[in-house]
Structure formats: C-alpha cells, structure tokens
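Comments concern the structure below.
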Amino acid sequence: MVAAVAAGADAIYLSGKRFGARKFAANFSEDELKEAIDYAHLRGVKVYVTVNTLAREDELLDVARYLVRLYEIGADAVLVQDAGVAALARTLVSGLDLHASTQMTIHNLEGGAWAERLGMKRIVLSREVSLVEAEEMARSLNVGLEVFIHGALCYCYSGQCLMSSAIGGRSGNRGMCAQPCRKPYVLLRSEKDEYGRPINLSAAPIKDKFLISTRDLSVYYQLERIATSGIESLKIEGRMKSPEYVAVVISIYRRSLDAIAKGSWTPSEEDMRNLSLAFNRDFTGGYLLESGQVMGREMSDNRGVLAGAVASYDAARGEAAVRLSSSLIPAQGDGLVFIAPGQEMGMVVRKPPYQKDGLLRLRTPDRIKPGARMYITRSTALSRQAEKISTSSRAQVPLDLKVSFKERTPIVEAVIHGPKDDLKVEVKADFSMEEAKTKPLSSDQIEAQLRRAGGTPFVVGKLELDYPGGLFTPIAALNHLRREVLVKAEEAILNPRRPEAGEINAALERLKDLDLESTAIPDRRVPTLSAYVDSIETFMGSCEGGCTRIYFEPRLGQDSRSEEAILRVLKDARDACGSTQLVWKWPRITRDSYLDFAAPLVSKAEVDGIMVEGIGAAEAVIKANPDVKLYGSSSLNIWNHLSVKQLSPPFHLLTLSPELTADQLSDLVGKYRQPNRSSSRAQSQTSSQTPAFELLVQGNLEVMVTEDCLPCLVKDKAEFLGLQDFRRIFPLRADDDMRTHFFNSVETCLIDYMPRLFHIGLDGIAIDAQGRTGKYAREMAELYSSAIKLTEKEGKSPTLKDGLEALKNEARIRSMGGITSGHFIKGLRDEVPVKTEHRIS
C-alpha cells in the first residue's frame, strides 16, 4: 500500500480480513484499514475497500455492520459483486460510493445500464470487453468505467468460474481460487456412447502443457489510446504482489499518464523492459486491445527477460559461458533461469559474473546445456530502484509554516499543499514567551524545533519566522506547539473525508430496522421437473421423460445468427411437444452484437419464456417485451434473499447457486418468503412479486466459460473433448460463438436427497442434458419423475430411502465421470463461521 501511494496511484483497492476476493492475501484488520485509509487520504489518495464476495444469509448482518464501519472510517467506496450486498449498502450508507466488481460479469451495454440504476458510481468491466465496446459504453452511460491494464488475466469470465470450487471446494466467489488454470493439462478427444459419454479416449497432438494459462496483460504501448478513450479509471493488479512489483509498475504508468496529459509521451523500451523484469508470463494486449495472442500455453510462471544463450559449459570450473543478446547483464543477487529442451534450472547469482573473450562467465550450481536460453527473472538493480520509489517525496505531505507573535504569544499558520488544493490551519500557542534573563532563544533554535516533523506524514518546506527576539520558553513548549499544529493539519485533511457523527447514528438506526438475524422455515413444496437441452433430440428425450419445462439453447453453428433458423427450430420443438413449457435459453455470454440480433426475436418466437444467464441479457429481454416470462440461471449467483429482491421483478423464476448447502438454500428461500423480510420498507408480497426457485440437481456442472477456443486446437472434429489433469477429465465444448465451456468431471446427483429438496421449498428442480443424447435426457428425466412421485407418495415411509437409493444407482450408471452431491451437504471449504466484532464509534 505504501509503495502504491509513493509510486503515484490515485486510488487503491484493498480488503479487510473478510468479504474480499483475495482470501489468501495478508489483507487488513479493521485497525489497519483505518490506518491505511488515513495514510492514503493524507497524501491525496483514495481508498476503495473490496467487499466483493457473495454473501450467505448468515453473513448479512456482519456485512451490514462492516459497511457501516467502512463508512465511518472514511472509505471512499466499496467494490461489490453481490447485488444483495449492493442493495444493503445503498440502504444503510447511501453516502458510500459503490463500484461494480468485474465479478459481476458486466460485458454489455444493458448490463452497464442495470448497474447504473443499482446505484453504482463505477463499473469494472469484464476483462473480455474490447476497448471499442468500452468506448461505446462510456458514451452511452452516466457512470464511470474502469478497465484492467496490467497484470494477470483470468482464463474464465470473472464471476462465472466454479472450477476451483468444483475441484476442491475453494470458490473464486469467496476469494479462495486455487488457480487451476495455471496447472498442466492434456486435451483428450473421443467418440461418444449412447449416453453422450466418451469412449476410446486419446490425447490430441498438442505439445504445450499449460493449455488454459493466459499471458499477463500489459497495454503499455497503447496507453495513450486508452487514456483518451473516455475510460475513467485504469486498474493495475497489485494484491498478492511484492512492494517492488507495485512500485515499479505503478511508477511507470504514472509517469506515462502524466506525459500523455502534457502531450509529450513516447513509449520507452527501458520502461517495457522494467515491466517485464518486475514480472511477466509474456505480455499480451488482451481482449481489451483484441490482440489475438492471449494464451501462454508453454509455461505458467514468470518468464523474466531473455538476456542471452549458453555458448559452452566448463564442467571443471562449474561455469557457463553466455553469449549476451541484450544490454541487460546479470549482476550479483539477480535471479536467473536457464531453459533448454528437457532442462529448466533456476538460480541466484552468488558471485559477480565476469566477461572473457566476448562471453559472460558465471558459476552455476548444475551443468547447463549449451544452447540453453538465459532469462533474468529478478533484478537487484530494479529492486533498488523500487526501494527509492517507495521512499520518495510523495510519501510525505509538504506544508509551509508562517510564525508570527502577538504579545509574545506564537501564532503558527500552516499551509498544507495537497494534490489539488491547499489547506490552511492556524494555531495560537497556549503559552506566552518570556523576556529572556540570560540566554534568549534564537530564530534558528525556534525554526529547528518547528521543522522537526519526523514520525508524522508531514515535511516542512518554507518556514517564515517573524520573531521579535530576546524571548525564552522551554523547548518542550515549542515541541508541544509543533505537535498541535501537525495534529490540526491532519484533522484538516481527514475530517472532511469522514461522515459526521449524526450520519453514522442514522446508519445505525437503519441497521436496527433491518431484519437480518431471524430465520424462517420454508413451506414444503413438490417441485416440478425441468431440463436444459441444446438439440431437438435431447428436447424430445426430456419431454418423453416427463419434464414439465425445457430450457432450449439450440446449437445451430453457422446458422446461429439466422432469424429464420432460430424461429424454425423453436417452432419445431413446440410442435414436437406442445404440452411442455418451452423456454428459449440464451447463451451465458451475450455481447451487444448478440443482444442486437436476439432481442427483436423475443416477440416473434413461439415460446413460453426466455432464460438468461446475465443481467444485461435480462434487461434486453424486458426492453424488447416487458410481458415475457423471464427465467434466470445459476450464473446469476443468487446467494441470499436480498439478491432475490433485487431481481424480482422482473424474474419469474431464479435458479439458486450450486455452491450453497441444503441448509443455506433453506435459509434463503424461507427468509425471502417470510412476510416481513429484511427491507427498509417491510411489506408483504403478492404472488406476482414472488419468483419461483429452482435448483440444478443432475448433470455435469458448468464450471468455466472463456473466449479462448480450446477445441480449435484440434484439427480433426471430435464428438467429445475433455481436459485431463491426470486425475479427472473435464468435458468441454465450444458454443456457436466459439467460446469454450468447461464442465465438472463428475455429475451432480441429488436424486437421493429428494425429501430434502421438498423441504427446502423449491418450486422446481432441473437436469442438465446439454451435450448429451436423447436417451440420457429421457431416462434421467424418468428417474427424477419417479423420485418426485415416490417422495410425494411415501413421505417418511421406511421404503422411501431404499427406493431413492435404487434410483441413485440407476442415475450413476448413466452418469459421466461418476456422481457427487457437490456442495449440497458439505459446503465450501470456508463454511466455518467467523465472528467479527465491528467497533462502531
């Protein structure tokens, strides 16, 4: 944090110990948060606190108290993912600005418009949004936009990744991502059996191992274009990075932006080299600049900077001779890595290298193959430069002092030079100096005492002293006066950045009015059965198996943007099974081009509703036809009843998060349906305002969606593709826009928990048959139809358990990769509640 301020950041994102999306970072205690906010504010830097994880019902009260505390200590904004948390902040502390996290997956204009209406002052766009798209959004919205410009890239759309959650229970939505995208994988291909499962698997001929590892983002060479694009804020990844990295990267972009503002910037090769030395996995302009070279599949760690290649190796001396290929020469203390076919060796330079016969010679711990490339991965010279930046003058607040005397009483006027405006404070000493009897204080002595600002944020610049002379006071009195001046100077800067006590009291009263602690038991309901399908074959199978509602996302390939083809296939589905509700499902990612195509078809399609997987798509549907029934998928990340409230209306049905346990689902449903639910306007609900709740109970859970077309690496078309991590196989397939969707290696199966599903109060349960066969869809639907009937009929009969166990075994036989109850029983790995006392003055 100190490095970021000193290097020239205008604002800093940081997190408390809870509710932030970097749980493995050190993060800040509440006392440290206050200290950090004061430190930054004294130096003219804003602080945005990340509250950007999804919140469970049992956490909402703690979140509410935390928001009030952040408001009290002067946070400039909070960054949020959860729509319910955003609503809570807006209700409690409307004076605290809200920023929409990239975890909200805002990637189209309609999503931005929704966030603006939700009260966001800034939107951090999905990293996949191009600069052209961002510029259009900036022109159309009255809210600031923020984009990432440097640092690591997520492989998946942020907010849509459940890969780490599915593998080990460490959810990215809870700040616990284990970064499975940086691991080695093998791409497998095969044919399919009668249930759509792989048979005769073989590895695709791909030499690279890190198939889903991205390069690092750096827009340095195109910075001027971005700086003049209308984007309000440029974001650099700094959490879980070293202070040296933060200092170097921010200082380079700070200098560059300042030069751009003056019209005098030229990209510097030295700057680019230093950015690479700080850390890089090879750089890309990313999706923002539509570079086309986003992936770094060869390796997933720091690449360093190429400095030369090994010409020969002297085994007797343990010394490599390196032919340098740049002006960058390794020095003692530098980190190096040598890479050759079949060899990768890292080392720290222990003894100074020397040059002989035009070659650099250095001792190495092991033999290095001739031809091996030498990269510098850490530079001591750059570290020294970073340390110098971190202790620069920006870490201190300049002030000038003017000292006058009135009847021998010192009066100090301080002028604090802020980044934008100057502030003035005046302090009259609480003592008068006396006529000196022997040794009067000199002007130099008085000035020396008043300049001593060590241990404070201030540094005294100009000091004017109108001293009549011949006076004396104890040095301790001058020190007291100086401290009083500096305290007043701090207060002059900090107090305007904090709310008044009356505003805090009002927020606490609003908090008392919220019903966030009570629990409610939902009513037992018999759920209907739905299915997700992507072909007429699986549609018919689901219909024949007894599904009452089918979400149909047709795969049409080259005809995916054909109005005629879309309407025809939907009509064919309607004609084939008219007794079943037909819901046209839109893709998970809906860029503006898709919305422009699909929205006009909403009123033309012969369907009973539209299912969307993003809030922007929902906005487009409602704008096209306000009367359409709108269904929401699990990708909306519904974790609490406040999020439901934000989305109802317009949603007729919401699919709850697969990351919640049975108890948490029950809490959510019960809390929302109780008459006096948590609200600043407690009111009863009519049936038209209450959405139905559904849960995905069978199928390979979708765990990632990415712009990278991984199937495009395989030249020959394969019926099945999967990503293997040497333990599991994750099915994957490309959609009609050539985005890749990844699915869990095992199927979720909750058929034996049917009584519990009844008692949660769900209105519906769903099977995911996308990518499978009609036989799978029909037989799995039949099994779940039987389970619903059996549970409804048998109630608590001893035979119910045996009957459901038999159905579970049948489901296992048809499953891909085996079955799991997911998080339904055990939950995520962070489920142990943490009690935090939020001290509010």
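So the values come out like this:
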item: Residue check, residue 825 over 27 Å from residue 195 (Cβ atoms), of a type in the set (A, V, I, L, M, F, W, C) and either surrounded by fewer than 18 Cβ atoms within 10 Å (Cβ to Cβ) or touching a residue at least 24 places away in the same chain (Cβ under 8 Å) (or both); result: no
item: Tally of residues being of a type in the set (Gly, Ala, Ser), crowded, with 18+ Cβ neighbours inside 10 Å and touching a strand residue (DSSP E or B) at 6+ places or on another chain (Cβ under 9 Å) across the range 163-194; result: 4
item: Per-region count, the range 112-129, residues more than 16 Å from the chain's Cα centre (by Cα) and closer than 23 Å to residue 285 by Cβ; result: 1
item: Yes/no for residue 370 being surrounded by 12 or more Cβ atoms within 10 Å (Cβ to Cβ) and not in a strand (DSSP E or B); result: yes
item: Complete set of residues in the range 746-758 that are open to solvent by 10 Å² or more (accessible area, probe 1.4 Å) and part of a loop (DSSP other than H, G, I, E, B); result: 746
item: Residues (open to solvent by 40 Å² or more (accessible area, probe 1.4 Å) and touching a residue at least 60 places away in the same chain (Cβ under 8 Å)) located in the range 497-513; result: 497, 498, 501, 503, 508, 510, 513
item: The range 202-222, residues that are surrounded by 16 or more Cβ atoms within 10 Å (Cβ to Cβ) and either over 25 Å from the mean Cα position of the chain (by Cα) or on the phi > 0 side of the Ramachandran plot (or both); result: 204
item: Selection status of residue 331, exposed (fewer than 15 other Cβ atoms within 10 Å of the Cβ), in contact (Cβ under 8 Å) with a residue 40 or more places away in the chain and assigned to a loop (DSSP other than H, G, I, E, B); result: yes
item: Qualifying positions in the range 349-366 - open to solvent by less than 100 Å² (accessible area, probe 1.4 Å) and either of a type in the set (Val, Ile, Thr) or assigned to a loop (DSSP other than H, G, I, E, B) (or both); result: 349, 352, 353, 358, 364, 365, 366
item: Subset of the range 635-647 (residues that are among the aliphatic types (A, V, I, L, M) and either farther than 19 Å from residue 85 by Cβ or not in a helix (DSSP H, G or I) (or both)); result: 638
item: Boolean, residue 534 is in contact with a Phe, Trp or Tyr (Cβ under 8 Å, 6 or more places away or on another chain), crowded, with 18+ Cβ neighbours inside 10 Å and either closer than 30 Å to residue 570 by Cβ or at pLDDT 95 or above (or both); result: yes
item: Set 777, 766, 781: member being small (Gly, Ala, Ser), closer than 25 Å to residue 667 by Cα and under 39 Å from the mean Cα position of the chain (by Cα); result: 766
item: Filter result for the condition that a residue is of a type outside the set (Val, Ile, Thr) and farther than 22 Å from residue 171 by Cα, over 737, 768; result: 737
item: Scan of the range 260-303 for residues that are charged (D, E, K, R), within 30 Å of residue 591 (Cβ to Cβ) and either open to solvent by less than 70 Å² (accessible area, probe 1.4 Å) or more than 22 Å from the chain's Cα centre (by Cα) (or both), ordered by number; result: 281, 282, 297, 298
item: Odd one out for residue 306, checked against (1) outside any helix (DSSP H, G or I); (2) farther than 21 Å from residue 129 by Cα; (3) out of contact with any Pro (no Cβ under 8 Å at 6 or more places or on another chain); (4) open to solvent by less than 60 Å² (accessible area, probe 1.4 Å); result: (4)
item: Residue in the range 155-162 that is open to solvent by less than 10 Å² (accessible area, probe 1.4 Å), at pLDDT 95 or above and among the aliphatic types (A, V, I, L, M) present; result: no
item: The range 73-109 - residue that is under 17 Å from the mean Cα position of the chain (by Cα) and part of a strand (DSSP E or B) and, of those, surrounded by the fewest Cβ atoms within 10 Å (Cβ to Cβ); result: 77
item: Hits in the range 616-643 (condition: touching a residue at least 60 places away in the same chain (Cβ under 8 Å) and either over 16 Å from residue 588 (Cα atoms) or among the acidic types (Asp, Glu) (or both)); result: 619, 623, 639, 640, 641, 642, 643
item: Elements of type strands (runs of 3 or more DSSP E) contained in the range 118-225, each with 3 or more residues being touching a helix residue (DSSP H, G or I) at 6+ places or on another chain (Cβ under 9 Å); result: 120-124, 144-152
item: Answer residue from the range 22-38, given it is touching a helix residue (DSSP H, G or I) at 6+ places or on another chain (Cβ under 7 Å) and closer than 24 Å to residue 248 by Cα and is least open to solvent (accessible area, probe 1.4 Å) among those; result: 38
item: Looking only at the range 130-154, and only at residues there that are charged (D, E, K, R) and within 22 Å of residue 253 (Cα to Cα), the one that is farthest from the chain's Cα centre (by Cα); result: 135
item: Options 197, 255, 225: the member that is under 26 Å from the mean Cα position of the chain (by Cα) and either charged (D, E, K, R) or buried (at least 20 other Cβ atoms within 10 Å of the Cβ) (or both); result: 225
item: Residue in the range 180-199 that is closer than 28 Å to residue 79 by Cβ, among the aliphatic types (A, V, I, L, M) and out of contact with any Leu (no Cβ under 7 Å at 6 or more places or on another chain) present; result: no
item: Lone qualifier among 444, 421, 430 - being open to solvent by 30 Å² or more (accessible area, probe 1.4 Å), modelled with pLDDT under 95 and over 30 Å from residue 694 (Cα atoms); result: 421
item: Filtered residue count, the range 525-569, keeping only those that are on the phi > 0 side of the Ramachandran plot and not in a helix (DSSP H, G or I); result: 1
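The values are calculated or read from the model by the stated rules, or taken from the named source; none is laboratory data. Keep in mind it's a predicted model, so treat the numbers as computed, not measured. For neighbour counting, all protein chains shown are included, and Cβ atoms are generated from backbone atoms with ideal geometry for every residue, glycine included. Quick note on the areas: whole protein, heavy atoms, side chains included, nothing else; ligands and nucleic acids left out. Shrake-Rupley method; radii C 1.70, N 1.55, O 1.52, S 1.80 Å.
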